[in-house]
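Working notes, beginning with the structure itself.
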Amino acid sequence: MSWSDFFLMQQELALILLALVLLVVEISLDTENKHKIIPVANFLFIPILVIGFLNTSTGSLFGDMYITDPTRILMKNILNVGVFLVFLQVSNWLKTQANNRNRISEFYLLIISSLIGVNYLISAGNFLMFYLSLELTSIPIAALAAYEQYKHKSAEAGIKMILSSAFSSGILLFGLSLLYAGTGTLNYGAMAIASVDLIQSMGFIFFFSGLAFKISIVPFHLWTADVYEGAPVAVTSYLSVISKGVAVFVLAIVLITLFGEIQGLWQEVIYVTAILTMTIGNLFAIRQKNIKRFLAFSSIAQAGFILLGLVGGSNFGTTAVLYFVLIYIFSNLAAFGVVSVIQNASDKENIYDYNGLYKTNPRLSLVMMLALFSLAGIPPVAGFFGKFFLFAAAAEAGMYVLLLIAVLNAIISLYYYLLVVKAMFINSNDQPVPKIESDFFARAGLILCTAGIIITGFISWIYEYMLNNSFGI
Amino acid sequence: METSLNYTIWILILPFAAFVLNGLLSKRLPNQVASAISIISILIAAALSYYLAFVYFTDIGKAAETFMAIKAFDQTWLRFTESLQIKIGFLVDPISIMMLIVVTTVSSLVFIYSIGYMKGEKGYNRFFAFLSLFSFSMMGLVVATNLFQMYIFWELVGVSSFLLIGYYYDKPSAVSASKKAFIVTRFADLGFLLGILLLSYYGNSFDFLEISSDNGAAVSQMGGITFMGMSVLSWALLLVFTGGAGKSAMFPLHIWLPDAMEGPTPVSALIHAATMVVAGVYLVARMFTVYSFGAPDVLEIVAIIGAFSALFAAVIACTQFDIKRVLAFSTMSQIGYMMMALGVSGYAAEGLGFTASMFHLFTHAFFKALLFLGAGAIIHSVHTNDIREMGGLRKYLPISHITFLIACLAISGIPPFAGFFSKDEILAAAQMHGMIYFGVGYLVAGLTAFYMFRLYFMVFWNKNQPAESKVHESPSVMTIPLIILALGSIFAGFVPFGNLITTNGQVLETEFHVSLAAATVGIALVGIVVSYLFYAKPSDRPERIAKSLGGFYRTVYQKFYFDEIYLFITQRIIFGIFSAFIAWFDRNIVDGTINAIGWLTAWISSRIKGLQSGQVQQYAYVFLGGVLIIGLVFFYYWMR
């Protein structure tokens, strides 16, 4: 192995470099000017995105510890785009909250650390690597959940996240040990399971449960609402799209490469959990008063829909999952972006606070409406296409009952998404949220999300590109 | 041949461009410019459609005595697999051309009419932007070459009608109506989507022509696979029909239509008379080959639902006092007619029902749009929807009066007005299929004449307006569309539909049934006469009763006995109890069921909230419980 082989990891190395550069910049800024790190970080992140999209390498490193191929690069790119959007959205919050001013760089460093974990997790070819990077993705985020530690709820979110995360990691690690005991290896390639015995089955069950925690699949979802509500909006955004997205991707990789032979068994597990997740997520979402909790349950329901793409275990289904996650990133971040802008300006986060928002902030309301329409899957916005391909994947697998339940859930979800739209456009309010002027980055973030919501569905080459690149797993 | 039809794309592009322009610049454009953009674009689209119709029917359409379906263009858009692709195209065949003519004609007239009707309303430019969006979506739906394209435009039609119905967004009833319309039709649309998925999965194609080729052989393999006693093909087609029934307001998915009357009247004329509501009929007609060969059982259901809706709505229409609601139920009833005609139709030589259905769709578009626009002119003048507060308007609104009368005659099926010819064909087709359908259709024909003339007499005759009344005729931008539509309502019946639009593209010999025609006209006349007796004169019956007590026995006999007893039987028993019951059933049971589903969901949701307590220890227990569940599921399937 030569030094040039390290360039297989160019995305991860670039991220590590970015983290180091930001540390140096942080030291050189005096206390008054700490906020200047915001544009630096945002603009330095653009080359990272570009590197990702130019990257076409295929290969493996360190005895298959690290694997890269076009599909994995595509997954990383999708998530990097999401992180970039999160970065754009947080600037306002970081600048305005006086308590945070000296800790702005902390936010970026922790997110980037977690992102490095995300990248390595996708590229992992060995369960040791897998576990290390999984922890790297979640521990910095638990710290960030408690970022506003002077707020009771934020501190509570942090401790809840770390406790439940530790618990789920324990379960997952137990599963991994059982798999090791059954096969005598931790390497994906050597482990591929042809038939099941008791130990490996137990291993799979525990492994799946641990990962299901990260995706917030019912019944492993209970932490989600509390943490989403308490954590700062930026962290919630990250948790709801990036942490969830990477866990879904990794689940897809592992299910197909390692457990492909026993598809008939995990299919049923996914089938049951998909139904539970969609239905329970929806039923809880209906009664939420707090917009962050509301979006938390909506994101649980969305995770249920994502499972429809995995259930068939086909390439087509995997493409549908990737495509949906990209659209979900745009839609969910648009929604959270609006929530973040409003919370910063007025500290309001209940749904009834959104009454009459259209009168004072028509543009924000329109963005929110598009985002919710996309989450609900109403054509012609992108969310519809995302859902359509997921439904089609379930139809392809011949699971009509599941499909029917999914469609019913889509109708239920339409109802509660429209409740928020109704609040913004129709309900009257004596004291609506005042007119808000958001800063350049926040505005750019919302514009990018909106553009994504509108065009991702219509521009067919995005889907074609994914279809051509998702056969690699 | 491909290149010669390239201009057709402008039929779609122009209204869309008008929407984008008006939408983006809505605050900056003067009102006249905004409406001019929309109107000019739709007029050009209409001209192109007429040209296309002329070229198609006289020249390029016919090959070997059969009208062919031509794809003007068909662009691949999304690719699932090599064989299953989603395309966007422009299908030219007799029914798509007919629909294009209907949509562009009615749209043009409604757009022009709206200049007068919406004058001074706030959001005038926005309104025209939405109108253009709607016309674009509707035309995209009509010319779709495949199910998926149709679904996309189908939803776009839903979205734009949602925007238009909710146009008075500061009016709560308008908003709740638009939401209801949206949710109910969405519910149906998801059925449609499931149907599409099933069809495309088994038929391996979205394309209408491929699905219908060889008399539906492509999907006939689905006939063999059964699910719960019915073939998968039947299920798929039934689900597709659910989508159509939702858009076309068939029982029991009709509940949104009366409420949707909250929107501005031109919107009702455009959406709820001539275009969107007939999309369901169009959908079934578009896939008629598949229905006819693949699932005659589903076609029977279509006929039953159509017939029932026709009767149900006609009875309710007799009890309504809101002029637009009467028209809304009348629309539902007439669409039921069309559905029934499709349902009873056979193929090729037995395809009279199909032709009749399309014919009725065509003529109905003219007179129903005319009725709605006329109602709009009336409402515009007297500022109320309640027909009890109108009366004697014929002196004040002469043009509205004459055109409204023409429309009433047309919908009642009086020759030589348009409705007569199409209704006659429908009844002839129903007669061939089964007497029960004919009976229902015949009864509905009488009821239609009755409630339409009830409306006519109460609005234009009956009592007189107070002398100081300032009611006056609408401006000419509103009356000219009325006159044009009135001409359409008179002459549309003379189009030789049997030569143009048939199930298989070949000429269908339609004969004229004198006895049937006489019977139909007879029952229509009965309806008109009855409504004349009831509603033509001011309702001073209490006075006359008082007078008769001291007056002649003869007066009592002739007026009191004849009038009042008859009135008692019909008004009190038939309309008062029977119709009121149906109206009640509609309000409470049908609506209530929908509400109950919503309530049930909320209730379950409140029952399970205890799960989310906020305690991490409990979360860990649930987590372990989850592991157990996963384990059980896994081992259950492993052991099998």
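I'm told A:LYS387 meets every condition in (1) buried (at least 17 other Cβ atoms within 10 Å of the Cβ); (2) in a loop (DSSP other than H, G, I, E, B); (3) among the charged types (D, E, K, R) except one. Can you identify the failing condition by its number? With respect to (1) buried (at least 17 other Cβ atoms within 10 Å of the Cβ); (2) in a loop (DSSP other than H, G, I, E, B); (3) among the charged types (D, E, K, R), A:LYS387 is out only on (2). At pLDDT below 85 and not polar (S, T, N, Q), is that true of A:ASP69? It is false that A:ASP69 is at pLDDT below 85 and not polar (S, T, N, Q). Filtering A:TYR120, A:TYR180 for residues that are more than 14 Å from every other protein chain (Cβ to nearest Cβ) and either within 22 Å of A:ALA303 (Cα to Cα) or surrounded by fewer than 23 Cβ atoms within 10 Å (Cβ to Cβ) (or both) leaves a single hit, A:TYR180. Could you please find all residues in segment A:360-400 being at the interface with chain B (Cβ under 10 Å from one of its Cβ atoms), more than 16 Å from B:ASP189 (Cα to Cα) and free of Cβ contacts under 8 Å to residues at least 12 places away in the same chain? If the condition is that a residue be at the interface with chain B (Cβ under 10 Å from one of its Cβ atoms), more than 16 Å from B:ASP189 (Cα to Cα) and free of Cβ contacts under 8 Å to residues at least 12 places away in the same chain, then A:ALA395, A:GLY398, A:TYR400 are the ones that fit. Condition (residue is more than 10 Å from chain B (Cβ to nearest Cβ), surrounded by fewer than 19 Cβ atoms within 10 Å (Cβ to Cβ) and at pLDDT 85 or above) applied to segment A:452-460: is it met by at least one residue? Within segment A:452-460 (the criterion being more than 10 Å from chain B (Cβ to nearest Cβ), surrounded by fewer than 19 Cβ atoms within 10 Å (Cβ to Cβ) and at pLDDT 85 or above), the answer is yes, since at least one residue qualifies.
Among the criteria (1) out of contact with any Gly (no Cβ under 8 Å at 6 or more places or on another chain); (2) surrounded by 24 or more Cβ atoms within 10 Å (Cβ to Cβ); (3) within 26 Å of A:ILE459 (Cβ to Cβ), the one A:SER298 does not fulfil is (1).
Annotation note: Cβ proximity below 6 Å between a residue of segment A:247-272 that is away from chain B (no Cβ under 14 Å) and a residue that is of a type in the set (D, E, K, R) and buried (at least 18 other Cβ atoms within 10 Å of the Cβ) (sequence gap 6+ or interchain) occurs for A:ALA247/A:LYS214.
If I filter segment B:466-498 down to residues being assigned to a loop (DSSP other than H, G, I, E, B) and under 21 Å from B:VAL267 (Cβ atoms), which single residue comes out as modelled with the highest pLDDT? This residue is B:PRO475. Residues in segment A:191-223 that are more than 10 Å from chain B (Cβ to nearest Cβ) and at pLDDT below 80: A:MET191, A:ALA192, A:ILE193, A:ALA194, A:SER195, A:ASP197.
Out of all the residues in segment A:423-437, is one or more among the acidic types (Asp, Glu) and farther than 30 Å from A:THR71 by Cβ? Yes, segment A:423-437 has at least one match. Determine if segment A:418-426 includes at least one residue that is part of a loop (DSSP other than H, G, I, E, B), surrounded by fewer than 18 Cβ atoms within 10 Å (Cβ to Cβ) and either among the aromatic types (Phe, Trp, Tyr) or without any contact (Cβ under 8 Å) to a residue 60 or more places away in the chain (or both). Scanning segment A:418-426, I find no residue that is part of a loop (DSSP other than H, G, I, E, B), surrounded by fewer than 18 Cβ atoms within 10 Å (Cβ to Cβ) and either among the aromatic types (Phe, Trp, Tyr) or without any contact (Cβ under 8 Å) to a residue 60 or more places away in the chain (or both), so the answer is no. For the criterion of being farther than 16 Å from B:ALA365 by Cα and of a type outside the set (A, V, I, L, M), B:HIS272 fails.
For the residues B:SER309, B:SER292, B:SER345, the requirement of being within 24 Å of B:PHE453 (Cβ to Cβ), small (Gly, Ala, Ser) and in contact with a helix residue (DSSP H, G or I) (Cβ under 8 Å, 6 or more places away or on another chain) singles out B:SER309. So which residues in segment A:455-469 are in contact (Cβ under 8 Å) with a residue 12 or more places away in the chain and touching a Leu at 6+ places or on another chain (Cβ under 7 Å), if there are any at all? Correct list: A:THR456, A:TYR463, A:MET466, A:ASN469.
With respect to A:GLU437, is the statement that it is of a type in the set (Asp, Glu), farther than 18 Å from A:SER331 by Cα and within 13 Å of chain B (Cβ to nearest Cβ) true? No, not satisfied. Within segment B:130-187, being at pLDDT 85 or above, of a type in the set (Gly, Ala, Ser) and closer than 20 Å to B:TRP256 by Cβ holds for one residue alone: B:SER137. Set side by side, the residues A:LEU163, A:LEU172, A:LEU255 differ, and just one is at pLDDT 90 or above and under 22 Å from the mean Cα position of the chain (by Cα), which is A:LEU172.
Only a single criterion out of (1) modelled with pLDDT of 85 or more; (2) over 23 Å from A:VAL241 (Cα atoms) is not satisfied by A:ALA410, namely (2).
The values are calculated or read from the model by the stated rules, or taken from the named source; none is laboratory data. Predicted model, so just to flag it, every value in this text is computed and none were measured. Note that we place each Cβ from the backbone using ideal geometry, even for glycine, and neighbour counts take in every protein chain shown.
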